[in-house]
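Asks: Questions regarding the structure given below will be posed in turn.
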Protein chains: 2
Amino acid sequence: MPSIARERQPSAKDVALLAGVSTPTVSRVFSGSANVSPRARRQVEAAAQRLGYRPNSLARALASGRVTTIAVISQNTARYGNTTTIAGIEEAARAAGHPMVISVLEGPDPQDITRSLDAVLSQQLAGAIVLQFDRAGRAALQALPEDLPVVAVSGPNVPGRSQAVFEEARAGEEATRYLLSLGHRSVAFIAFPSVGHVGGRVAGWRSALRSAGLNVPPVIQATWEARSSYEIGRSLARDPNTTAVFCANDMLAMGLISGLASAGRRVPDDISVIGFDDEPIAEFYLPPLTTVYQDFAALGRDAFGLLKEHLDGSTRARLVRRTPTLVVRGSAGPPPG
Amino acid sequence: MPSIARERQPSAKDVALLAGVSTPTVSRVFSGSANVSPRARRQVEAAAQRLGYRPNSLARALASGRVTTIAVISQNTARYGNTTTIAGIEEAARAAGHPMVISVLEGPDPQDITRSLDAVLSQQLAGAIVLQFDRAGRAALQALPEDLPVVAVSGPNVPGRSQAVFEEARAGEEATRYLLSLGHRSVAFIAFPSVGHVGGRVAGWRSALRSAGLNVPPVIQATWEARSSYEIGRSLARDPNTTAVFCANDMLAMGLISGLASAGRRVPDDISVIGFDDEPIAEFYLPPLTTVYQDFAALGRDAFGLLKEHLDGSTRARLVRRTPTLVVRGSAGPPPG
DNA sequence: ATGAAAGCGCTAACAA
DNA sequence: TTGTTAGCGCTTTCAT
């Protein structure tokens, strides 16, 4: 465990000495206590300024038992949804004065989880936000101490914990119905790896198909990589029965369209494709992607808001929902012929 | 500054009591000291296990004066390059046992910088990595204490500090020469907002044009948003003289192509476009984007490696370079006619 | 190899 | 309003 010792920073004692007061007074000034004479306050502030004093937050947390650091626990931080959600959390946390550490889970195995969590828990957290976009998130959620304030983001329901989610099922239904309304007789679904439950998007797709009295075809399984749906596109190109595909996210939708194109099939003329997420690039894809917008940054802010309620003493688990919205652009149209 | 008090966690004292040893012995066991009898070690480990003891890293850092947390300082965390670089840093830091906090700069104004930095510096950092993809990074770099181990990533040269960079100029030159070799008589350049110095990509573009004895047209200024290059595309569509465009990143390239398409101009038939970064989607864009690959994750790992050298005692500032590589796909071809 | 004592920089409880 | 004293949970001497 490496580290280096650096030039000593000024302490409250140094400031106290220079200001001609005691350390607790310095402490009072910096913790915003009212009970300080204007004179003492002035002197302390001047001294602190001169020395470049900054309270040591470690010592502070240790002495007071109050800790403000929150952790964001996630398996992948680079994918669009994760990234944007984390940025939303960070923004809200920063505004509320909470430092944020990021803890990346190496995988869904119990050992990985335990190791990652041990590392972050030794840090004395005020609370944690767990991203359940991946499978590891679920496992982590269960391994976290009961009495630690925790909020889950997305994923399956977590009894007893606050949670911020999108109403994916509704959106999935809407997207599927939209495709149906265009005249398609069936809609295929391409899924990314399951998060350990029936995702809302799939559920919505199924239910829309069923309410329309249609058969529910088997889910087409992809990975998280656009390449996987590219390959799927190449084989789907040979299947004249498939006229509409609903993809679990934009990356898969774009990979699919690209694969389709490489096999000579055009979107939306030959086949319609809908994505999910509305990544910034979706609007500028060719064709512009019809997709479902989700405000990930707001989801992240929601999550922090929920955590904050617990930090402020609430013990009630709350569920906050956000509604994704269908964005109609150019990748879906009527079936050919 | 909110926070909550939770159930007391077991301390070294509790473990010591249960194990029938003193606290220092517990400390020795957990800090991997050799001078512990096998018997004591066993008892301590058993007791710790039973109590679920985890050393308090705050107290540890405070008592030892050794601190391991590193900070990543950046203005934007959501853009592709930033995200991926941060993931690379995180990966390397995690492997080396260093917790990582993320500190987002609100803007390039001195007050913003000071505020953000104060918050993160009060946390007793072992070191920091500053992302200079944005302007704020530069300012932050200068505001950081001299004696804090710091490494800069990308951006202009920083005397006295270690730095991990891409050889952008070389790559920019190569991309431009490639366009020229296709038969284009000139190449336009679309830039994102300047980071306060002449970016390597622009420099490379200029130098390639000059060596070919060509005029250097004015840089076309865009924002970070694809929409801005989309608009540029719409107006460029009316200009028959422009047959090749080099974009400072893939987002701008895709926005441009989309804008061009909306005005009826096709890529690469009517006009050639090259991007920079090779985002995962670039390969699946239509047309597949010819671009310059940069291994951001490796850049992040490089940066941490550099920081680690300083944490291990080195005071020598080192520069680590990585070579981007041209990836030829379908968005650039010979000029029309 | 181990324990007693001191101290990291701060805040809390109390007294004045 | 202010200072004194004690203590947060750990590590570090320094004895033994």
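Asks: For region B:30-49, which positions are hydroxyl-bearing (Ser, Thr, Tyr) and within 14 Å of chain A (Cβ to nearest Cβ)?
Replies: B:SER31, B:SER33
Asks: Now, a different point. So, in region B:287-326, exactly how many residues are under 24 Å from A:ALA282 (Cα atoms) and crowded, with 23+ Cβ neighbours inside 10 Å?
Replies: 6
Asks: Let me ask something else. Cβ-Cβ under 8 Å, sequence separation 6+ or interchain: first residue in region B:293-309 and under 24 Å from B:ASN249 (Cβ atoms), partner among the polar types (S, T, N, Q) and not in a helix (DSSP H, G or I). Which pairs?
Replies: B:TYR293/B:THR325; B:LEU299/B:SER154
Asks: Looking only at residues that are more than 7 Å from every other protein chain (Cβ to nearest Cβ) and closer than 14 Å to A:HIS98 by Cα in region A:61-80, which one is nearest to DNA strand C (Cβ to nearest atom)? Reasoning before the result, please.
Replies: Just the residues of region A:61-80 that are more than 7 Å from every other protein chain (Cβ to nearest Cβ), to begin with: A:63-64, A:69-76, A:79-80.
Pick out the ones that are also closer than 14 Å to A:HIS98 by Cα and you get A:69-72.
On the way: A:THR69: 15, A:ILE70: 19, A:ALA71: 22, A:VAL72: 26 Å.
Looking at residues that are more than 7 Å from every other protein chain (Cβ to nearest Cβ) and closer than 14 Å to A:HIS98 by Cα, I get A:THR69.
Asks: Name the residue, out of B:ARG135, B:ARG170, B:ARG94, B:ARG115, that is more than 22 Å from A:ARG54 (Cβ to Cβ) and either without any contact (Cβ under 8 Å) to a residue 24 or more places away in the chain or among the hydroxyl-bearing types (Ser, Thr, Tyr) (or both). Spell out the reasoning first.
Replies: Values: B:ARG135 fails: either without any contact (Cβ under 8 Å) to a residue 24 or more places away in the chain or among the hydroxyl-bearing types (Ser, Thr, Tyr) (or both); B:ARG170 fails: either without any contact (Cβ under 8 Å) to a residue 24 or more places away in the chain or among the hydroxyl-bearing types (Ser, Thr, Tyr) (or both); B:ARG115 fails: more than 22 Å from A:ARG54 (Cβ to Cβ).
Being more than 22 Å from A:ARG54 (Cβ to Cβ) and either without any contact (Cβ under 8 Å) to a residue 24 or more places away in the chain or among the hydroxyl-bearing types (Ser, Thr, Tyr) (or both) holds for just one of B:ARG135, B:ARG170, B:ARG94, B:ARG115, which is B:ARG94.
Asks: Can A:GLY255 be described as of a type in the set (Gly, Ala, Ser), under 20 Å from B:LEU289 (Cα atoms) and away from every other protein chain (no Cβ under 12 Å)? Write out each step before concluding.
Replies: Details: of a type in the set (Gly, Ala, Ser): yes; under 20 Å from B:LEU289 (Cα atoms): yes; away from every other protein chain (no Cβ under 12 Å): no.
So A:GLY255 does not fit the description; no.
Asks: For region B:19-44, what are the residues that are surrounded by 15 or more Cβ atoms within 10 Å (Cβ to Cβ) and in a helix (DSSP H, G or I)?
Replies: Passing the criteria: B:ALA19, B:THR25, B:VAL26, B:SER27, B:ARG28, B:VAL29, B:PHE30, B:ALA40, B:ARG41, B:GLN43, B:VAL44.
Asks: Assess whether B:SER154 counts as being crowded, with 18+ Cβ neighbours inside 10 Å and on the phi > 0 side of the Ramachandran plot.
Replies: Working: crowded, with 18+ Cβ neighbours inside 10 Å: yes; on the phi > 0 side of the Ramachandran plot: yes.
Answer is yes for this residue.
Asks: Read through the list (1) in contact (Cβ under 8 Å) with a residue 40 or more places away in the chain; (2) farther than 16 Å from B:ALA152 by Cβ; (3) facing chain A (nearest Cβ under 9 Å); (4) of a type outside the set (S, T, N, Q), then give the number of the only condition that B:ILE86 fails.
Replies: (2)
Asks: Being loosely packed, with under 15 Cβ neighbours inside 10 Å and in a loop (DSSP other than H, G, I, E, B) is the filter; apply it to region B:103-119 and report the residue that is nearest to the other protein chains (Cβ to nearest Cβ).
Replies: First, pick out the residues of region B:103-119 that are loosely packed, with under 15 Cβ neighbours inside 10 Å: B:107, B:109-111, B:114-115, B:118.
Restricting the remaining residues to those that are in a loop (DSSP other than H, G, I, E, B) gives B:107, B:109.
Numbers: B:GLY107: 13, B:ASP109: 16 Å.
Only one residue tops the list, namely B:GLY107.
Asks: Related question: Given the conditions (1) near DNA strand C (Cβ under 8 Å from one of its atoms); (2) out of contact with any Phe, Trp or Tyr (no Cβ under 9 Å at 6 or more places or on another chain); (3) more than 10 Å from every other protein chain (Cβ to nearest Cβ), report the number of the one that A:VAL26 does not fulfil.
Replies: Result: A:VAL26 passes all but (2).
Asks: While we're on this one: Could you grab me the full set of residues in region A:4-13 that are near DNA strand C (Cβ under 9 Å from one of its atoms) and part of a loop (DSSP other than H, G, I, E, B)? If you could, list the steps in order and put the result at the bottom.
Replies: Step one: list which residues in region A:4-13 are near DNA strand C (Cβ under 9 Å from one of its atoms), which gives A:8-13.
Selection gives A:ARG8, A:GLN9, A:PRO10, A:SER11.
Asks: Next up: Go through B:GLY97, B:GLY52 for me and flag whichever is at the interface with chain A (Cβ under 10 Å from one of its Cβ atoms), over 22 Å from the mean Cα position of the chain (by Cα) and over 30 Å from B:SER194 (Cα atoms). It would help to see each step written out before you state the result.
Replies: Values: B:GLY97 fails: over 22 Å from the mean Cα position of the chain (by Cα).
Matching residue, one of B:GLY97, B:GLY52: B:GLY52.
Asks: Can you give me the ranges of the strands (runs of 3 or more DSSP E) entirely in region B:132-248 with at least 1 residues that are modelled with pLDDT of 95 or more, farther than 24 Å from B:LEU311 by Cα and aromatic (Phe, Trp, Tyr)?
Replies: Working: elements: B:150-153, B:162-166, B:188-191, B:244-247.
Fully inside region B:132-248 and qualifying: B:188-191, B:244-247.
Asks: For the condition crowded, with 16+ Cβ neighbours inside 10 Å, part of a helix (DSSP H, G or I) and more than 16 Å from DNA strand D (Cβ to nearest atom), what is the one hit in A:ALA16, A:ALA47, A:ALA93? Walk me through how you get there before you give the answer.
Replies: On the way: A:ALA16 fails: more than 16 Å from DNA strand D (Cβ to nearest atom); A:ALA47 fails: more than 16 Å from DNA strand D (Cβ to nearest atom).
When all the criteria are applied, what remains is A:ALA93.
Asks: Working only within region B:68-82, note down all residues that are under 9 Å from B:VAL104 (Cβ atoms) and not in a strand (DSSP E or B). Walk me through it before giving the result.
Replies: So the first thing to find is which residues in region B:68-82 are under 9 Å from B:VAL104 (Cβ atoms), and the list is B:73-77.
Result: B:GLN75, B:ASN76, B:THR77.
Asks: Across region A:121-132, what is the total count of residues that are within 7 Å of chain B (Cβ to nearest Cβ) and touching a residue at least 12 places away in the same chain (Cβ under 8 Å)?
Replies: First pass over region A:121-132, keeping only residues within 7 Å of chain B (Cβ to nearest Cβ): A:121-124, A:126.
Checking which are touching a residue at least 12 places away in the same chain (Cβ under 8 Å) leaves us with A:121, A:123-124, A:126.
Total satisfying the criteria: 4.
Asks: Looking at (1) without any contact (Cβ under 8 Å) to a residue 24 or more places away in the chain; (2) touching an Asp or Glu at 6+ places or on another chain (Cβ under 9 Å); (3) more than 9 Å from chain B (Cβ to nearest Cβ), find the lone condition where A:PRO280 falls short.
Replies: (3)
The values are calculated or read from the model by the stated rules, or taken from the named source; none is laboratory data. This one's a predicted model, so the numbers in the text were calculated from it and none came from an experiment. Positions of Cβ are generated from backbone atoms using ideal geometry, with glycine treated the same way; all protein chains shown enter the neighbour counts.
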